[in-house]
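Enquirer: The structure is given below, and queries will be raised subsequently.
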Amino acid sequence: MAGLALLRTIIAAISLASTTFADTGTGLEERQASDPCAAIANQTYVVPSKVIACLSSFAFNPTLRDNIVDVVSKTLNFHTSTNYQLFAPPPFLDVHVDIQAELKRIKGSSYSSDFALHK
């Protein structure tokens with residue numbers, strides 16, 4: 001089962017890459033001029049706002065979000081700590097997070113970019 005989920009994630013990533021780099025009918029120079037990542041390529045120092053603009057330029061893909069959440073959720077089901085941390089005794093009061101509920105919230109949310117999903 002986990003192997004199948006991994007395969008689905010890889011196929012989705014390849015699909016995303018092929019649509020991202022597919023020829024859109026414009027010249028390479030035109031695409032690079034509007035690409036915030038091309039603007040910072042091969043530079044040793046870049047203003048952080050330009051890096052964020054580059055990372056935010058990748059479109060949000062709900063299929064990839066669902067695959068990520070499904071794999072992480074299924075993996076965490078094998079960890080006993082996910083249930084323990086909900087009722088952890090003092091001094092561990094800051095770890096009371098229902099990780100499965102958070103994953104469900106993430107899966108039900110939409111994001112402005114792929115970067116926003118991973119923040």
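Since every read-out is calculated from the coordinates, none of them should be taken as a lab result. Everything quoted here is computed from the prediction, not taken from an experiment. Note that we place each Cβ from the backbone using ideal geometry, even for glycine, and neighbour counts take in every protein chain shown.
Enquirer: Report ³J(HN,Hα) in whole Hz for each residue of segment 98-112, in order, from the Karplus equation J = 6.51 cos²θ - 1.76 cosθ + 1.60 where θ = phi - 60°; Gly and Pro get x.
Expert: After applying 6.51 cos²θ - 1.76 cosθ + 1.60, I find 7, 5, 5, 5, 5, 5, 5, 5, 4, 5, x, 9, 10, 10, 6 Hz.
Enquirer: Using the C-alpha gyration tensor of segment 29-113, what are the square roots of 5 times its eigenvalues, in whole angstrom, with the largest one first?
Expert: 38, 17, 10
Enquirer: Please list, in chain and number order, the residues 5+ apart from A59 or on another chain whose amide H is under 5 Å from its amide H, with Hs placed from the backbone.
Expert: D114
Enquirer: Something else: Whole-Hz ³J(HN,Hα) for each residue in segment 86-97, computed from phi via Karplus 6.51 cos²θ - 1.76 cosθ + 1.60 with θ = phi - 60°, x for glycine and proline: what do you get?
Expert: Result, ordered by residue: 5, 10, 5, x, x, x, 9, 6, 7, 10, 7, 10 Hz.
Enquirer: Which ³J(HN,Hα) values, rounded to whole Hz and listed in residue order, are derived for segment 64-79 from phi using the Karplus coefficients 6.51, -1.76 and 1.60 in 6.51 cos²θ - 1.76 cosθ + 1.60 with θ = phi - 60°, glycine and proline given as x?
Expert: Each residue of segment 64-79 in turn: 5, 4, 4, 5, 4, 5, 4, 5, 5, 4, 5, 5, 5, 4, 8, 9 Hz.
Enquirer: Let me ask something additional. Which lysines, if any, have their Cα less than 27 Å from the Cα of K74, not counting same-chain residues under 8 positions apart?
Expert: Partners within reach: K104, K107, K119.
Enquirer: Sort 56-62, 82-88, 43-49 by the packing proxy (mean of other Cβ within 10 Å over each peptide's residues), most packed first.
Expert: With the highest mean Cβ count within 10 Å placed first, the list reads 56-62, 82-88, 43-49.
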